[in-house]
Every structure is written in structure tokens, then in C-alpha cells.
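The values are calculated or read from the model by the stated rules, or taken from the named source; none is laboratory data. All values reported here derive from a predicted model rather than from experimental measurement. Every residue, glycine as well, gets a Cβ built from its backbone with ideal geometry; the counts of neighbours run over all protein chains shown.
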Amino acid sequence: MRSQIAAGNWKMNTNIDFGQDFVAKLEDKELPKDVEVIIGAPFISISPLKQIAKRIKIAAQNCHDEESGAFTGEVSAAMLKSTGCNYVIIGHSERRQYFNESDELILKKILKALEHELKIIFCCGEPLEIRENNDHESFVQSQLENSICKLSKEELENVVIAYEPIWAIGTGKTASPGQAQDMHQHIRKVMRNNFNEDLAENISILYGGSVKPSNAKEIFAQKDVDGGLVGGASLKIDSFFDIIQSF
């Protein structure tokens, strides 16, 4: 059985006090036992949140690809591991766009994080012009084959894929349930062709892109959608809890 996952990505929002209050209140709620709940917190909040999180897993939003060194302002996978961090989000479209992260660099980051026994939420997805030109499947396939498809089957046991159509991130636009299902099915096909049926059927694939309580249930009901990577709606405890209950 694939894991059902509700992951929040707080991006460059919140502070330590907000995060601690949020996680404490969410832990007090009756969270579904069969849903893995993850919060992608800013670096400064990871350690404080790990001290109070019980059911909830904590993710970093990025890591450096080198073990250590003269990289002022960066955070290494080893540092993240020392906080008790569970996951790291790698390859988010905002990192690709604003920080020019290539597939090659993203693969290096993944390998370094796996070396330190961190689990990966790997992001992929196409911009609007690619979707409009009907090249979205080949675009995402290239992202996959240039990165996680170079991992071993054993390494992929610690990877979750998040499909995020860039045109739907923070825009209020959302891929229709059918569009989400079609791409998730294609991603599974790519994994099947590069590995095998068993791996393709067991890797969790999340949808991200303006997920909110009003659309989560229908999106999560799709055959190949195993949950969501949630942006803005994960900053409000009631809306994120409603999304967690949407499976």
C-alpha cells in the first residue's frame, strides 16, 4: 500500500512561535492514523518543532549538495539530520526558477540527503507555456529521468514524488482532478519503464498547486494521487486539518 501523505510547505513564512503553536494545536487534533502528516518548515523552526512533534513529521525545504565548506548561509544535509528532521523538499519549482537549480544539481542534493538518511520529497512540474504546447508529459519525464531515475530501487524507497504544475502554484488555479490524474499516471508509467511495476505502484505521488479544502477530496480520490503538497492552505490550521481529513 502506498502511503497517503498530507504535506504542508510553509516556504519563507512563519516564525518559531507560530510554528510551535501550530504544531501543538495540530497534534491535539484527532489525526487520521493512515495519513502521514508533514510540515515543511523554515530552517530556524525545524529543531524547535521536532521537540514537540509526535505524530507530525518535519521537513526542510532545501539542503546544500556538499557535505560542508565555505558556503555562507547554506545548510547541509548533515546539519538537517542533527535536528531530527525527517524529510527534505528538493527540486521545488521556486528553487529551480529563482535559484537556477538544474536537474544535475538537484540529483546531487538528493544523493547527499539520502547519504544522511533523510527522506526526499522530489518536486517536478511544468510551466504554463509547456502545458499550452502539450509538451507537459515529456517535460516532466525529462525532470524525472535526469534525477530520481538515476537512483537505485533501494534509494527510491525513501523518495516521495510531488507533481506541481507551476502554473497552479500560488495562482489560485488548480489542475482539474482529471489533469492531475493523467500526469500522475504518466509519472507512474515513467517509473515503471525505468524500473518495474512493483516500484511504480508503491511510490507515493502527491499533487501540489493551490490545494485547498474545497478541492482536496476530489483530487485525492484520483487513482494515482496519494495526497498533496500544500502551500498557502497549510498556514491555516483549520484549512490544513480539513485537507488532512480529505482522504
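A few comments on the model shown:
- Of all the residues in segment 70-86, those that are of a type in the set (A, V, I, L, M, F, W, C), surrounded by fewer than 21 Cβ atoms within 10 Å (Cβ to Cβ) and in contact with a helix residue (DSSP H, G or I) (Cβ under 9 Å, 6 or more places away or on another chain) number 3.
- The condition of being in contact with a Gly (Cβ under 7 Å, 6 or more places away or on another chain), surrounded by 22 or more Cβ atoms within 10 Å (Cβ to Cβ) and either of a type in the set (V, I, T) or farther than 13 Å from E164 by Cα (or both) holds for only one of I110, I89, that being I89.
- Checked against the criterion of being without any contact (Cβ under 8 Å) to a residue 40 or more places away in the chain, farther than 24 Å from S214 by Cα and charged (D, E, K, R), the candidates E129, E145, E155, E137 yield just one match: E129.
- Residue match in segment 224-231 (condition: part of a helix (DSSP H, G or I), of a type outside the set (V, I, T) and farther than 20 Å from E129 by Cα): no
- Looking across segment 48-68 at every residue that is of a type in the set (A, V, I, L, M) and outside any loop (DSSP other than H, G, I, E, B), the one that is nearest to M79 (Cα to Cα) is identified as A60.
- In segment 89-141, the residue that is modelled with the lowest pLDDT out of those that are over 12 Å from C63 (Cα atoms) and of a type in the set (G, A, S) is S93.
- Only listed residue being of a type in the set (F, W, Y), surrounded by 23 or more Cβ atoms within 10 Å (Cβ to Cβ) and modelled with pLDDT of 95 or more, chosen from F43, F18, F22: F22
- Scanning segment 193-209 for residues that are surrounded by fewer than 21 Cβ atoms within 10 Å (Cβ to Cβ), of a type outside the set (D, E) and either within 15 Å of F240 (Cβ to Cβ) or out of contact with any Asp or Glu (no Cβ under 9 Å at 6 or more places or on another chain) (or both) gives N193, F195, N196, A200.
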